[in-house]
1. Order by neighbour count: 35, 47, fewest other Cβ atoms within 10 Å first, most last.
2. What do the square roots of 5 times the Cα gyration tensor eigenvalues come to for the range 26-132, in whole Å, largest first, as semi-axes of the equivalent ellipsoid?
3. Set the Förster distance to 25 Å, then compute FRET efficiency between residue 88 and residue 40 from the Cβ-Cβ distance, nearest 0.05.
4. Over the range 50-103, with a single point scatterer placed on each C-alpha, what log10 of the ratio I(q)/I(0) does the Debye formula yield at q = 0.23, 0.25, 0.31 1/Å?
5. Rounded to the nearest 0.05, what FRET efficiency do residue 51 and residue 80 give with R0 = 25 Å and r taken as the Cβ-Cβ distance? Could you check?
């Protein structure tokens, strides 16, 4: 975890933010998800959210290094699979509400799904007639 302090021009702390940074175990987990056929951005987001209650899309962008469109596409994938909860909170001042996300599915459910998909894909490939 890294603590970031946002300071005013006068030096007083306006806001402090704690951001989770991937460690070696997180990177291994993410690579495992990719090996099971998951897209990199989706694997990044799952890895980031797996140990947290909930986070904003901006937190996800900053912590994972993904661009906003990549985060949006990853969230759409998680939403379609039913693995995501989301809600909005009003942002301070004007502007759009902030989207807050959390994983609904457990890591075991996600891994089992990926393993089953990989197994189904292998079965489809092995059933294809060979071209001789």
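A short reminder: the numbers here are calculations on the coordinates, not readings from a lab. What you see is a predicted model; the values in this text were computed from it and never measured. Ideal geometry is used to build each Cβ from the backbone, glycine not excepted, and the neighbour counts take in all protein chains shown.
1. With the sparsest Cβ surroundings first, the list reads 35, 47.
2. In descending order the semi-axes read 32, 13, 13 Å.
3. The pair residue 88/residue 40 has a calculated efficiency of 0.40.
4. -0.95, -1.09, -1.34
5. 0.60
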